[in-house]
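Beneath this line is the structure, given in structure tokens, with notes to follow.
The values are calculated or read from the model by the stated rules, or taken from the named source; none is laboratory data. No experiment lies behind these values; they were computed from the predicted model shown. Note that we place each Cβ from the backbone using ideal geometry, even for glycine, and neighbour counts take in every protein chain shown.
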Amino acid sequence: MALSMVFVRRSLCLSKGAVASISQFSTHKSSTNLKDVLANKIPQHLKKVAEFRKAHGSTVLQNITVDMIYGGMRTMKAMVTETSVLDPEEGIRFRGYSIPECQKLLPKAPGGEEPLPEGIWWLLCTGEIPNENQTTAISKQWAAQADLPEHVEKMVRNFPPKVHPMAQFVAAIAALSSESKFAVAYHHGVPKNTYWEYAFDDSMGLLAKLPTLAAMIYRNLYREGTSIGAIDPNKDWSGNFATMLGYDNPVFAELMRLYLTIHSDHEGGNVSAHTSHLVGSALSDPYLSFSASMAGLAGPLHGLANQEVLIFLSKIAKDLGKHYTEKDLSDWVWKHLKSGQVVPGYGHAVLRKTDPRYVCQREFALKHLPNDEMFRLVSALYKITPDILLKQGKAKNPWPNVDAHSGVLLQHFGLSEMAFYTVLFGVSRAMGCLSQLKSKCFARFSRFSTSE
């Protein structure tokens, strides 16, 4: 079986205790070079995986039913994901750390309060909370590699306006494969145990370029093709992204840091993450693997949830106006449900309480836009909707998820072009997808047919 990129570190990162047990082996705790840190961790990771498989390789994890297969493999334990775990009570944990813990522990921008995405990238890759110098090193490396090659710039500028921003995003990322160090190294027959080095270089280069690409698509479609300007080598990833989009408001830059961090990863079974695994398992380079994953994210069942919430909120605002009572809103929601529709942004397949990603966005709004009319509507829904859904009796989880809030925050600062929101989501999710490109056999699923 062909091995894909050996990119990440160790098995079974399910708790901070596991993180701590690995950290003792590292001789690069103070190194600001992420590649050096991974070079130290990867041999230990491979050894632990080999030992784990030797001890438990024949262990049966679960029985598989026909309904699981026809239901899209729902609840089937069929892959290893080390970067994040979704806890029904605490929400997503990145390498064992909850959202509140990440907000507290990850480095911030000077004068800022939200975690830097550079920090979550380091955490996803290593299992360790980085220090300020380590995140600064990532910021500078991404800024240095942020420029797009000329042929990709030309490609983006020549897209007609009718091409959806996600279609542009997918195509341009695939075109960036021309920059792949992994593809060149594989062509020259480098040893398999060095694949991860070139895959890592590609991943860093892609992450550096994604904000530039996204901002160029945004300005071409919605800002008459105005220039994104030059990258500031002294700014962090989110700060540069905000400026390239055309927003100089430091609070918007803080929102970008929060948004890009909390949307970065969500286990490995979702469409975008699983697609990057599957395509990467064939030794496609990270550019091609991630391009494929973004085609999955573009699907309405995966990447359009926060847009559906905004449409829902707009309908309420149109019907009820600015002045409504709690009873008015409750009656509207009940009427909506009785018509056979759902309340978008509420419910989750795994979570059994309010999504911590919703909570941190709500806290951001309470601090920075408490009087925003749409935020007031979101808050009013938060107060009444869970009880309504419980009384209706259909929802296993009546609480809001991450998508119930993000669109309102973006709209407040003027980023109102909903078709672009999935591109923004994709920039963030790249960190999860690329950090999960790891030692994995070529995917060959067994199959059966109904006729059998």
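One line per residue, one yes/no per condition, for (1) in contact with a His (Cβ under 9 Å, 6 or more places away or on another chain); (2) closer than 30 Å to K192 by Cα; (3) of a type outside the set (K, R):
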residue	(1), (2), (3)
S281	no, yes, yes
F290	no, yes, yes
H302	no, no, yes
E308	no, no, yes
F312	yes, no, yes
K327	no, no, no
Q341	no, no, yes
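If S264 passes every condition in (1) closer than 19 Å to T422 by Cα; (2) among the hydroxyl-bearing types (S, T, Y); (3) more than 18 Å from the chain's Cα centre (by Cα) but one, which one does it miss? Against the list (1) closer than 19 Å to T422 by Cα; (2) among the hydroxyl-bearing types (S, T, Y); (3) more than 18 Å from the chain's Cα centre (by Cα), S264 comes up short only on (3).
Only a single criterion out of (1) surrounded by 15 or more Cβ atoms within 10 Å (Cβ to Cβ); (2) within 30 Å of N397 (Cα to Cα) is not satisfied by L61, namely (1).
Restricting the range 141-187 to residues that are more than 29 Å from L304 (Cβ to Cβ), more than 21 Å from the chain's Cα centre (by Cα) and of a type in the set (G, A, S), the residue that is surrounded by the most Cβ atoms within 10 Å (Cβ to Cβ) is S180. Beta carbons closer than 9 Å, at least 6 apart along the sequence or on distinct chains, pair a first residue in the range 273-297 that is more than 15 Å from A172 (Cα to Cα) with a second that is surrounded by fewer than 23 Cβ atoms within 10 Å (Cβ to Cβ) and acidic (D, E) for A273/E267.
State whether one or more residues within the range 301-315 are in a loop (DSSP other than H, G, I, E, B), modelled with pLDDT under 95 and within 21 Å of P398 (Cα to Cα). Scanning the range 301-315 turns up at least one residue that is in a loop (DSSP other than H, G, I, E, B), modelled with pLDDT under 95 and within 21 Å of P398 (Cα to Cα).
Out of all the residues in the range 388-398, is one or more under 23 Å from P250 (Cβ atoms) and of a type in the set (A, V, I, L, M)? Let's see the steps before the verdict.
Restricting attention to the range 388-398, the residues satisfying the condition of being under 23 Å from P250 (Cβ atoms) are none.
There is no residue in the range 388-398 that is under 23 Å from P250 (Cβ atoms) and of a type in the set (A, V, I, L, M).
Across the range 74-104, the qualifying residues are those that are touching a Pro at 6+ places or on another chain (Cβ under 9 Å) and of a type in the set (V, I, T), and the one among them that is farthest from E128 (Cα to Cα) is I92.
Would you check which residues across the range 117-130 are of a type outside the set (V, I, T) and in contact (Cβ under 8 Å) with a residue 60 or more places away in the chain and list them? Write out each step before concluding.
Of all residues in the range 117-130, those of a type outside the set (V, I, T) come to 117-119, 121-125, 127-128, 130.
Result: P117, E118, G119, W121, W122, L124, C125, G127, E128.
Just give me the residues in the range 55-78 being farther than 25 Å from T275 by Cα, at pLDDT below 90 and in a helix (DSSP H, G or I), in sequence order. Of everything in the range 55-78, just one residue is farther than 25 Å from T275 by Cα, at pLDDT below 90 and in a helix (DSSP H, G or I), namely H56. Number of residues in the range 312-351 that are touching a residue at least 40 places away in the same chain (Cβ under 8 Å), aliphatic (A, V, I, L, M) and in contact with a helix residue (DSSP H, G or I) (Cβ under 8 Å, 6 or more places away or on another chain): the value is 7. Restricting the search to the range 83-125, which residues are assigned to a loop (DSSP other than H, G, I, E, B), touching a Gly at 6+ places or on another chain (Cβ under 8 Å) and of a type outside the set (V, I, T)? Those that are assigned to a loop (DSSP other than H, G, I, E, B), touching a Gly at 6+ places or on another chain (Cβ under 8 Å) and of a type outside the set (V, I, T): R95, G96, L106, P107, A109. Filtering the range 126-138 to residues that are assigned to a loop (DSSP other than H, G, I, E, B) and touching a Lys or Arg at 6+ places or on another chain (Cβ under 7 Å) leaves only G127. Taking each residue of the range 225-238 that is at pLDDT 95 or above and surrounded by 12 or more Cβ atoms within 10 Å (Cβ to Cβ) and looking for partners that are of a type in the set (A, V, I, L, M, F, W, C) and in a loop (DSSP other than H, G, I, E, B) with beta-carbon atoms closer than 6 Å, six or more apart or interchain, yields I231/A146; D236/A109; D236/L116.
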